[in-house]
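See below for the structure under consideration.
The values are calculated or read from the model by the stated rules, or taken from the named source; none is laboratory data. Since the model is a prediction, treat every value here as computed from it, not as a measurement. Note: ideal-geometry Cβ built from the backbone for every residue, glycine included; neighbour counts use all protein chains shown.
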Amino acid sequence: MPTPPQLYADLDRAIPAVREEFESWLRDLVEIPTVSMDPAHADDIRRGAERAVEILRACGAEAEIVETPGNPVVFGNITANPDYPTVAIYNHMDVQPANEPQWENEPFVFQRQGDRYLGRGTTDDKGPALTALMAARFASQQGLPLNFQFIWELEEEIGSPNFEHFVQQKREVLTCQSVLVSDTIWLSPDKPAVPYGLRGMLTMQWRLETGSKDSHSGLTGGAARNPIGELAELIACCYEARTGRVSIPGFYEDVQRLSSDELTHFLGSGFDLDGFRLAHGLHDLRSDDVRQIVQAIWSEPTFEVHGISGGYQGPGIKTIVPHEAEAKISMRLVPNQNPDRILELTRDFVGRLNPDVTITPGGALVPYLGEFSGFYGDAVRQAVEFGFGMSPSFIREGGSIGAVVTLDQLLQVPVVFLGLSLPEHGYHAPNENFDWGQASGGMRAFVKYFETLSAA
């Protein structure tokens, strides 16, 4: 095994040499539309899994496709010595749909523009997955006393409904001492962010049917119930849209409050309101107070309306009273909030206000809260500083990753985050992209993290 100075000198030479290979593999993965929420892409999911196995094997890993009741999971390992410690690296190969009209290029055609890589999945999460893989390959080739396991999921974008099945199948061989996740976003290009917590989630569909067919408003208006109006009224009773405050009784009862130390870290992160608005295309926010905003997106629960459907949707106005309507609702949950409990509270409240509304629950995830200090916190901080020359902020992530909760509960080992995506990379948005600067810096950061683990 080389000394650290020699290791990192070799790394500086190796990173530029693998760029062409990185781009070729990223092209292969991006051009397979592994859209997990659309059953029409089932064959693409399979092709994506098969190509992922080929790439893992090309990097010296043993790799296989592990079947589940839903989409498969790709599992690989590089075992240098069974006596060495093992780190498992989690990423996902499935992607969001790409049906937004704002795409400037074909979403599933990989393009390179200078140092930028365009296409659905480049930053979420195929680019970071390849970055971590290439760093692990380098570390293994250099003889670091560390084993690697690779877990590449294909259902993350639909809440990981079958991931627990995979973990249970492979529980005996999942002997890692820690898990590394690279599926999160920085605050800005100038401020790396390391999450130590994730919000949970509860999704549901509300449906109201008030007739058997649409009717003419000139004949029935004023007498007929309007399900769109009633759902809108019901939503307004559940939360205050201007502030986001939820009005469902008991909703905040179990919320674990943010500690003063955590809030200090949040406020010291350098979070920039203008940059946040610009990156996400927002005209304004519910508040101009940074303190309120960072808590709102990282440590407080939410109630969001994603769509209301019903009635006439064509051009102009057709003066009918619709006979049915549906609303799509989600809630992001924070530590100590239980999705089953929140669903019960919501059903009780909605039932009292409008007993004709039916609620159909969708996916549900419990929140995750880890540590941001100690050995692993110090290791990831040093890794980010080495890779990018900047000290990271420790924050909570506003989103949810179902697999993290499963890994935490079943493996009971530390789960550490080392994300590479930037706000402007277009996570879940049109014109998604990744860049070589984040990939090359990420390789340096990962290798530093692996070297720290191997020396412990």
*asked:* Pairs please, first residue from the stretch 201-222 and under 29 Å from Thr360 (Cα atoms), second anywhere and of a type in the set (Asp, Glu) and surrounded by fewer than 16 Cβ atoms within 10 Å (Cβ to Cβ), Cβ atoms under 9 Å, 6+ apart in sequence or on different chains.
replied: Leu202/Asp340; Leu208/Asp356; Glu209/Asp356; Thr210/Asp356
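Being polar (S, T, N, Q), in the same structural domain as Asn147 (by TED's automatic domain parsing) and crowded, with 18+ Cβ neighbours inside 10 Å: is that true of Thr122 here?
yes
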*Being assigned to a loop (DSSP other than H, G, I, E, B) and touching a residue at least 24 places away in the same chain (Cβ under 8 Å) is the filter; apply it to the stretch 226-246 and report the residue that is surrounded by the most Cβ atoms within 10 Å (Cβ to Cβ).*
Asn226
*Can you work out which of the residues in the stretch 315-366 that are surrounded by 15 or more Cβ atoms within 10 Å (Cβ to Cβ) and among the charged types (D, E, K, R) is nearest to Arg396 (Cα to Cα)?*
Arg332
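Which of the residues spanning the stretch 410-450 are small (Gly, Ala, Ser) and farther than 26 Å from Asp378 by Cβ?
If the condition is that a residue be small (Gly, Ala, Ser) and farther than 26 Å from Asp378 by Cβ, then Gly426, Ala429 are the ones that fit.
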*Residue among Val179, Val167, Val194 that is among the aliphatic types (A, V, I, L, M), out of contact with any Phe, Trp or Tyr (no Cβ under 9 Å at 6 or more places or on another chain) and assigned by TED's automatic domain parsing to the domain that holds Ser391*: Val167
*Please work out which residue is surrounded by the fewest Cβ atoms within 10 Å (Cβ to Cβ), limiting yourself to the stretch 397-417 and to residues that are more than 13 Å from the chain's Cα centre (by Cα) and assigned to a loop (DSSP other than H, G, I, E, B).*
Gln412
*Just to be sure, is Glu172 in contact (Cβ under 8 Å) with a residue 40 or more places away in the chain and charged (D, E, K, R)?*
no
_modelled with pLDDT of 95 or more, touching an Asp or Glu at 6+ places or on another chain (Cβ under 8 Å) and of a type in the set (D, E, K, R): is that true of Arg207 in this structure?_
yes
*asked:* Quick test of your reading of the structure: Asp124 fulfils all but one of (1) within 17 Å of the chain's Cα centre (by Cα); (2) among the acidic types (Asp, Glu); (3) over 25 Å from Val30 (Cβ atoms). Name the failing condition by number.
replied: (3)
*Which of (1) in a helix (DSSP H, G or I); (2) at pLDDT below 95 does Phe394 not meet, given it meets every other one?*
(1)
